[in-house]
Amino acid sequence: MLNALGRRMLDLVYPPVCIACAEPVESQRALCAACWRDTQFLTGALCEGCASPVEGAFAGPDLHCARCSAHPPPWDIARAAIAHEGPGRRLILSLKHSGRLELAKPIAGWMARAGADLLDRADVIAPVPLHWLRLARRGHNQSAELARALARLSGKPVVLDLLARHRHTPSQVGRDLDARAANLAGAIAPGPRHSLTGLRILLVDDVMTTGATLTACATACLAGGAAGVDVLAAARALAPETRVRPPG
């Protein structure tokens, strides 16, 4: 940990800039006022099944949107910190594709606040896995980086290979829910070195879109004997009607 003098010296050598747009800011790993304004932090009446805002509802436990009420997911509660748009989307893409691993710490801080109760009751934190071919190409698993950061913040254990992706699958981008589910069929299973029996697992992902990948992961956890599964994502891709428009 840096002391106050160390932080001042760091700021002199590397003046702090906004993590989303590189405008000057007062402290390291912070958003500028404009990016903070344009980042939609997910609070209020949120569906516990898919982490999306529920229009016309009051915040509270056991709140579910119509879709999750009709088709409950295999996990108990899902949370996400921010909407996957604007500065938030740029941050996630920078972590995922540009190798900006330093972003994992501030994003995980937002996730820890959004999912504090899920972290409290988790026995273990586990990231959504990448196939080794994709991991070799990208050089890192962004979900694992977030899981590591969450473990440091919460003190909970993280098991990076609790789940394994045994089959290399094409990208999910552009696929609908059914196509995503078919693409992942049989691809994810518990890792061979760990027992899931009786554990409450917190699954960590960078972006929750249709939930197909997380469904495959949660189903594998439960089939492996887990007592329960929760989901914590950095960002949620929202339907157009739930998006907050920037002023002006």
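The values are calculated or read from the model by the stated rules, or taken from the named source; none is laboratory data. In this text the structure is predicted, and so the values were computed from the model without any measurement. FYI the Cβ positions are ideal-geometry reconstructions off the backbone, even for glycines, and counts take in every protein chain you see. In case anyone asks, the SASA skips ligands and DNA or RNA and just uses the protein heavy atoms, side chains included. Shrake-Rupley method; radii C 1.70, N 1.55, O 1.52, S 1.80 Å.
Odds and ends about this structure:
- Average accessible area per residue (Å²) across the stretch 81-120 - probe 1.4 Å, nucleic acids and ligands excluded: 40
- The fraction of accessible area contributed by carbon and sulfur in the stretch 14-87 is 56 percent, rounded to a whole number (1.4 Å probe; ligands and nucleic acids excluded).
- Measuring r between the beta carbons of Phe41 and Leu133 and using R0 = 45 Å, the FRET efficiency lands at 0.80.
- Two-decimal ratio, the stretch 24-137, of alpha-carbon radius of gyration to 2.2 N^0.38 Å: 1.21
- Inter-site label distance for Glu26 and His168 at 7 Å from Cα along Cβ, in nm: 5.0
- Radius 11 Å from Cβ of Val231, net charge of other residues (Lys, Arg +1; Asp, Glu -1): -2
- Theoretical gain in end-to-end length, Arg200 to Leu63 [0.36 nm per residue, Cα-Cα removed]: 47.2 nm
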